[in-house]
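Some notes on the structure that comes next.
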Amino acid sequence: MISIQVSDNLLLRTLYKEDAEELFLLVDANRQHLRHWLNWIDSNTTIEHTVQFIEHTLQQQETQEGFVLGIFLNNKLVGELGMSNWNHSLKKAQIGYWLANECEGKGILSRCLAKFLDFLFDNVGLNKVELHFIQQNTRSAKVAERIGCKIEGVLRQSYLRHGQLEDLVIAGLLRTEWLQQRASATVGS
């Protein structure tokens, strides 16, 4: 199982069935906040749905299709960060994330993503990560820009969000680009 220490009080780790109640309560408390961007919110309405989700993510991790990690701040679950659509031949995958409303804008996601990208490029051996978001999601656009993603294209009307077709932005980050950023940050510190 995966555990990545981000800082003294911030940890990324595999979610287990024992985390289902805490995860469900977090999702439920942030339902309105998350619903705007995440379609799965409407189908996650019971703890049993959350247990099934965790079982599915553990299966994906075992079969190396992807994985989901909980974001724990001071041992309290505050969001998720994950990798899906793992293409072993091309050494690429898609990343996604969400945070509780009260945790946004505090640098938590940026710190977690930096360690997560290090893990994906250094330990998992990926060559590329992609971040997909709808054009109206300016916060995700800023996250993609902050981590150094380049916009690779827009797939018109390729995402169905609450009954509406939306344009989907595809942003990508190559391992070499991430290593260059890391080297520049180290030199600049």
Taking 0.36 nm per intervening residue step and subtracting the Cα-Cα distance, what contour gain separates Val124 from Ser89 on full extension? 11.3 nm
At a threshold of 8 angstrom on Cα-Cα distance, excluding pairs fewer than six apart, so keeping six or more, what relative contact order does the chain reach in percent? 16
Would you work out which of Leu90, Trp40, Ala20 lies farthest towards the positive end of the dipole of segment 14-121? Charges go on Cβ: Lys and Arg +1, Asp and Glu -1. Leu90
Could you work out how far the C-alpha centroid of segment 158-189 sits from that of segment 53-69, in angstrom? 22
What residue among Gln60, Gln164, Gln136 shows peak mean-square fluctuation when the chain is described by a Gaussian network model with Cα springs under 10 Å? Gln164
Using heavy-atom solvent-accessible surface (probe 1.4 Å) with all chains present, what is the largest-first order of Arg139, Arg182, Arg31? Arg139, Arg182, Arg31
Would you check the accessible area of Arg13, probe 1.4 Å, heavy atoms only, in square angstrom rounded to 10? 60
Share of segment 74-114's accessible area from carbon and sulfur, percent, 1.4 Å? 46
Place a point 7 Å from the Cα of His162 in the direction of its beta carbon; the residues of segment 118-140 whose amide N falls under 18 Å from it are 133-140
Student exercise, the chain dipole from Lys, Arg, Asp, Glu Cβ charges, in Debye to nearest 20: 720
Which of these values of P(r) over Cα pairs in 5 Å bins from 0, in percent was calculated from the structure shown: (i) 1, 7, 15, 19, 21, 19, 11, 4, 1, 0; (ii) 1, 7, 15, 17, 16, 14, 10, 8, 5, 4, 2, 1, 0; (iii) 1, 7, 14, 17, 18, 17, 14, 9, 2, 0? (i)
Please compute the contact order of segment 64-119 in relative form: average sequence separation of alpha-carbon pairs under 8 Å and at least six residues apart, divided by the residue count, as a percent. 26
Estimated inter-spin distance, Glu152 and His33, nm [label 7 Å along Cα→Cβ]: 3.1
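The values are calculated or read from the model by the stated rules, or taken from the named source; none is laboratory data. In this text, all values refer to a predicted model and were calculated from it rather than measured experimentally. Every residue, glycine as well, gets a Cβ built from its backbone with ideal geometry; the counts of neighbours run over all protein chains shown. Each accessible area value is taken on the protein alone, full model and side chains, heavy atoms only, with ligands, DNA and RNA left out. Shrake-Rupley method; radii C 1.70, N 1.55, O 1.52, S 1.80 Å.
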